[in-house]
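Written below as structure tokens is the structure these notes are about.
The values are calculated or read from the model by the stated rules, or taken from the named source; none is laboratory data. The structure presented is a predicted model; accordingly, all values stated were derived computationally and were not measured. Positions of Cβ are generated from backbone atoms using ideal geometry, with glycine treated the same way; all protein chains shown enter the neighbour counts. Remember, those area values only see protein heavy atoms, side chains included, never the ligands or the DNA or RNA. Shrake-Rupley method; radii C 1.70, N 1.55, O 1.52, S 1.80 Å.
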Amino acid sequence: TPISFGPEKDVGLSFARTSFRIDSIPSGDYVLLVSQLLNDPSLVVVSSTPSGFVVNIFATSDYPSDGIESVSVEGASLDFIELSTDGHYLITLFSTGLKVSSLTADGITAFMQDASLDKNIADAEGLHLSIWPALEYEMMYKDAWRMLRDYFYDPSMAGLEWDRIFDRYLPLVERCSKREELDDVLRQMAGELSALHVFVYGGEYNIPNHGDPMLEAINEIASLGALLRRSTEKFGYEVIKIPETDPDFHMVDGLPMYSPLSSRTLSMSGQDGLAPGDVIVGVNGESVMSVPDINMLLRNVAGESVRLEVVRFNSTSKLQEARKLKARLLESKGEDATESVFALPEPLIVVPLDSEG
């Protein structure tokens with residue numbers, strides 16, 4: 001909106017009169033400065049009260065007075081307040097509905113005089129919002145690239161041709177199907193600067209549990225603390241790696257944490273740990289091949305005992321030694337020991353960890 005500085009040699013100081021002075025507002029518990037009116041120096045402010053948020057209008061008196069008049073919307077707690085995109089309308093949400101008012105002196109006067117808050121209510125029945133994630137991702141990518149260009153401490157951008165960096169990663173943004181993928185692209189772009197003080201975090205991620213504690217408990221996935229690979233040839237999940245504990249990172253309450261499949265964990269219960277090459281074929285009596293991923297069988301079991309069915313190809317156990325002894329006895333009697341010699345599933349009781357641990 002163009003600003004009028006008033007007529008030449010204006011003794012009435014019209015510009016000063018229409019420029020609202022915030023320091024004239026009396027002290028109070030204010031939480032939001034919304035806007036000044038389009039044709040009036042009055043100011044729209046939101047304050048906090050014990051009963052909720054309240055809309056306040058602070059208006060200056062006519063010249064030559066410097067008085068400030070305060071008017072509040074009483075009897076209704078404010079749920080939402082915002083300006084329209086063009087800045088011409090005030091949008092408020094009360095229990096009575098979504099109210100739209102012109103951001104002018106007449107519009108705000110009508111707003112304050114509507115004691116029942118039932119006038120100028122927007123018809124939100126059947127209201128739909130069109131969202132194009134692909135366009136949003138492209139906009140966020142452009143903003144992130146621009147903010148780095150404008151505010152990075154090195155004007156030369158670490159010697160990089162920053163325009164070419166934009167062109168390099170834009171095709172990847174166009175292929176992003178969710179926010180997490182966009183974050184990966186942003187990290188790659190920012191990583192070109194090799195600056196430790198540039199971070200990518202936060203955002204609107206899909207949260208399937210919707211904050212429901214019951215759903216979160218049901219869908220919480222426990223961890224076996226090992227790298228596993230699905231093997232259709234071996235009808236289970238092959239153990240690829242069981243990481244050793246790191247004294248600098250894998251500590252809980254001052255104690256080192258080991259994989260539930262390691263010998264250091266299982267030896268305390270008189271069992272033998274697994275080794276890379278061993279295969280997990282069942283969880284609590286259910287075949288791991290009956291579900292798309294073994295983690296589906298580990299939901300909501302963190303800290304609880306779980307029975308695994310394992311086939312030891314590279315590790316040994318007391319049960320396996322007993323089977324070998326039985327096989328040798330059968331062979332000494334000339335009997336067939338094929339079933340006892342070849343690896344068979346055996347039970348293993350483990351306690352999965354919290355996946356965040």
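Where residues in the range 203-224 are closer than 24 Å to ASP184 by Cβ and under 16 Å from the mean Cα position of the chain (by Cα), which of them is most open to solvent (accessible area, probe 1.4 Å)? Let's see the steps before the verdict.
Of the range 203-224, the ones closer than 24 Å to ASP184 by Cβ are 203-209, 219, 221, 223.
Retained after the next criterion (residues that are under 16 Å from the mean Cα position of the chain (by Cα)): 203-209.
Numbers: GLY203: 46, GLU204: 156, TYR205: 80, ASN206: 134, ILE207: 112, PRO208: 100, ASN209: 29 Å².
Once the filter is applied, the top-ranked residue is GLU204.
Tell me yes or no: at least one residue of the range 271-284 is at positive phi, free of Cβ contacts under 8 Å to residues at least 40 places away in the same chain and either open to solvent by less than 60 Å² (accessible area, probe 1.4 Å) or in contact with a Gly (Cβ under 8 Å, 6 or more places away or on another chain) (or both). Yes - at least one qualifying residue is present in the range 271-284. If you check MET289, MET296 for being part of a helix (DSSP H, G or I), modelled with pLDDT of 90 or more and open to solvent by 20 Å² or more (accessible area, probe 1.4 Å), only one passes: MET289.
Just wondering, is there one or more residues in the range 145-155 that are within 17 Å of the chain's Cα centre (by Cα), surrounded by 11 or more Cβ atoms within 10 Å (Cβ to Cβ) and on the phi < 0 side of the Ramachandran plot? If you could, list the steps in order and put the result at the bottom.
Here is the first cut: in the range 145-155, the residues within 17 Å of the chain's Cα centre (by Cα) are none.
No, the range 145-155 contains no residue that is within 17 Å of the chain's Cα centre (by Cα), surrounded by 11 or more Cβ atoms within 10 Å (Cβ to Cβ) and on the phi < 0 side of the Ramachandran plot.
If you take the residues in the range 89-116 that are in contact with a helix residue (DSSP H, G or I) (Cβ under 9 Å, 6 or more places away or on another chain) and either open to solvent by less than 30 Å² (accessible area, probe 1.4 Å) or part of a loop (DSSP other than H, G, I, E, B) (or both), which one is farthest from VAL34 (Cα to Cα)? Here the answer is LYS99. Of the residues making up the range 156-188, those that are more than 21 Å from the chain's Cα centre (by Cα) and either aromatic (Phe, Trp, Tyr) or open to solvent by less than 70 Å² (accessible area, probe 1.4 Å) (or both) are SER156, MET157, ALA158, GLY159, LEU160, TRP162, ILE165, PHE166, TYR169, LEU170, PRO171, LEU172.
Within this structure, ALA134 fails the test of being small (Gly, Ala, Ser) and open to solvent by less than 50 Å² (accessible area, probe 1.4 Å).
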